[in-house]
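**Student:** Below you will find the structure I want to go over with you.
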Amino acid sequence: MLIRAVKNEEQAAYNNVVHHPLQTWEWGEFRKNTDVKVERLGFYDDGQLTKALQVTFHPIPFLNKAAGYLPKGFVPDEDQLSALRKLGEQHDALFIKLEPNVAAPAATAKTNHQDIRKFLLDQDCQPGRPLFTKYTYILDLTPDEETLLAQLNSKTRYNVRLAQKKGVTVAENSSEQGLKTHLEILEKTTSRQGFYAHSPDYFRKMWEQLGGSGMMKIFEASYQNQVLVSWIVFIFDGVMYYPYGASVREHRDVMASNLMMWEVMRFGKQAGCTSFDMWGSLGSEPDKKNPWYGFHRFKEGYGGQLMEFIGTYDLVLQPAMYNLFRKADDFRWKILRLKKKLGI
């Protein structure tokens, strides 16, 4: 097998062998525009590109070192890790964080993932601090709409019909104005709920690269000529994803978000998607006090299957420095949690 950097003229071939939006060529170009270093490696059998991966490299403050990140890559194997080690050496990286796009039903994941997890631990990988949630709901979109509607739990189905009866409408608005509206609502959402969101500039640069590709779609749920809910969804390789949502406080009683999810499901099915990845949830036994519990229950209501990913592993390249970094990072997170608890 030949492993080398992917050439610019191989963009189409590259996108044909990766299987997640965060591994696409367009996503890499977007990340370059946010001043992140991007590397793409292709794996060639008899001259044919059969697998590929995309890694971003980020400076580590005060250490003059880098950290690599490989989100949603293919199943780790010896060829992949060997190539990553060489790439990490070129960037003087302490580690490369791996979050493979490998999932199994949560009920059987421990057994299904044990061989890959053992392989990673045997290859100098350590469990790392996650950037992606370990769980998600994935909904099969291949049944007909009547069956999909029947799979909703009774409360969710009631809320969808209530929104329809109240006159809520859902429409695609994948335009610059749609993005502008999304950012306006997102600002209200983050200030109200107190969670972190990317900057407006981040989303604008994302739109510049992904908007024209058809991969990034924007949907709006409106009531009485006011946009109440705005979602950004991705479509790639037959899968639809729901990564970003925002909503206003007003008119929550009309259940606009419930109708939004249903109409986005219908859109994905009509667009030829076979599954819908809802981009994150809590685990099999969610803590009702968790601030994300409401989102978990909301997604659960649509009948998807709870899936568990392999998780997050750091491919350690400089062990001594990595251990110091992890201790400092753990201390930083303790301080951040304490500040949040104290309301500082």
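The values are calculated or read from the model by the stated rules, or taken from the named source; none is laboratory data. Predicted model only: the values in this text are computed from it and were never measured. Neighbour counts run over all protein chains shown; Cβ positions are idealised from the backbone, glycine included. Note: accessible area is taken over every heavy atom of the protein model, side chains too, but ligands, DNA and RNA are not part of it. Shrake-Rupley method; radii C 1.70, N 1.55, O 1.52, S 1.80 Å.
**Student:** Quick one: which residue in Gln126, Gln114 is over 22 Å from the mean Cα position of the chain (by Cα) and open to solvent by 60 Å² or more (accessible area, probe 1.4 Å)? Give the steps one after another, and end with the answer.
**Tutor:** On the way: Gln126 fails: over 22 Å from the mean Cα position of the chain (by Cα).
None of the other options fit; the residue is Gln114.
**Student:** May I ask you to list the residues in the range 64-108 that are closer than 23 Å to Val17 by Cα and of a type in the set (S, T, N, Q)?
**Tutor:** Across the range 64-108, the qualifying residues are Gln80, Ser82, Asn101.
**Student:** Then there is this: Given the conditions (1) surrounded by 20 or more Cβ atoms within 10 Å (Cβ to Cβ); (2) under 30 Å from Glu208 (Cβ atoms); (3) under 21 Å from the mean Cα position of the chain (by Cα), and given that Thr133 satisfies all but one, which numbered condition is not satisfied?
**Tutor:** (1)
**Student:** Continuing with the same structure: For the range 219-238, give me each residue that is in contact (Cβ under 8 Å) with a residue 60 or more places away in the chain and either closer than 14 Å to Leu183 by Cα or in contact with a strand residue (DSSP E or B) (Cβ under 6 Å, 6 or more places away or on another chain) (or both).
**Tutor:** Result: Leu228, Phe234.
**Student:** Return the total of residues in the range 10-33 being within 22 Å of Ser199 (Cα to Cα), open to solvent by 50 Å² or more (accessible area, probe 1.4 Å) and not in a helix (DSSP H, G or I).
**Tutor:** Number of matching residues: 1.
**Student:** Restricting attention to the range 67-105, which residues are among the basic types (Lys, Arg) and either in a loop (DSSP other than H, G, I, E, B) or touching a strand residue (DSSP E or B) at 6+ places or on another chain (Cβ under 8 Å) (or both)?
**Tutor:** Of the residues in the range 67-105, the ones among the basic types (Lys, Arg) are 72, 85-86, 97.
Matches in the range 67-105: Lys72, Arg85, Lys97.
**Student:** Please find, within the range 308-330, the residue that is most open to solvent (accessible area, probe 1.4 Å) out of those that are in contact (Cβ under 8 Å) with a residue 24 or more places away in the chain and of a type in the set (A, V, I, L, M).
**Tutor:** Met321
**Student:** If I ask for residues that are over 24 Å from the mean Cα position of the chain (by Cα) and at pLDDT below 95, which ones from the range 49-90 would you list?
**Tutor:** Pro61, Phe62, Leu63, Asn64
**Student:** Moving on to the next point. Checking Gln80 against (1) under 30 Å from Arg204 (Cα atoms); (2) crowded, with 20+ Cβ neighbours inside 10 Å; (3) not acidic (Asp, Glu), which test does it fail?
**Tutor:** (1)
**Student:** Working only within the range 107-141, note down all residues that are assigned to a loop (DSSP other than H, G, I, E, B) and of a type in the set (Asp, Glu).
**Tutor:** Residue satisfying the conditions is Asp124 alone.
**Student:** Look through the range 170-201, keep the residues that are polar (S, T, N, Q), at pLDDT 95 or above and surrounded by fewer than 13 Cβ atoms within 10 Å (Cβ to Cβ), and return whichever of them is nearest to the chain's Cα centre (by Cα). Give the derivation first.
**Tutor:** We begin by selecting, within the range 170-201, every residue polar (S, T, N, Q); these are 173-175, 177, 181, 189-191, 193, 199.
Now narrow it down to the ones that are at pLDDT 95 or above: 173-175, 177, 181.
Subset that is surrounded by fewer than 13 Cβ atoms within 10 Å (Cβ to Cβ): 175, 177.
On the way: Ser175: 22, Gln177: 24 Å.
Ranking the candidates gives Ser175 first.
Rundown of residues vs (1) among the small types (Gly, Ala, Ser); (2) farther than 30 Å from Gln80 by Cβ; (3) touching a strand residue (DSSP E or B) at 6+ places or on another chain (Cβ under 7 Å), yes/no style:
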residue: Pro243; (1), (2), (3): no, no, yes
residue: Arg266; (1), (2), (3): no, yes, no
residue: Met278; (1), (2), (3): no, no, yes
residue: Glu285; (1), (2), (3): no, yes, no
residue: Ile310; (1), (2), (3): no, no, no
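**Student:** Let me ask something else about it. How many residues, within the range 293-344, are of a type in the set (A, V, I, L, M), modelled with pLDDT under 95 and over 30 Å from Glu89 (Cβ atoms)?
**Tutor:** 5
**Student:** For the range 84-94, give me the residue count where each residue is in contact with a Lys or Arg (Cβ under 9 Å, 6 or more places away or on another chain) and touching a residue at least 40 places away in the same chain (Cβ under 8 Å).
**Tutor:** Qualifying residue count, the range 84-94: 3.
**Student:** Of all residues being part of a strand (DSSP E or B) and open to solvent by 30 Å² or more (accessible area, probe 1.4 Å) in the range 50-66, which is nearest to Asp124 (Cα to Cα)? Just the residue, please.
**Tutor:** The extreme case among them is Lys65.
**Student:** Further question: Take Val36 and decide whether it is open to solvent by less than 30 Å² (accessible area, probe 1.4 Å), under 14 Å from Gln23 (Cβ atoms) and among the β-branched types (Val, Ile, Thr).
**Tutor:** Criteria not met by Val36.
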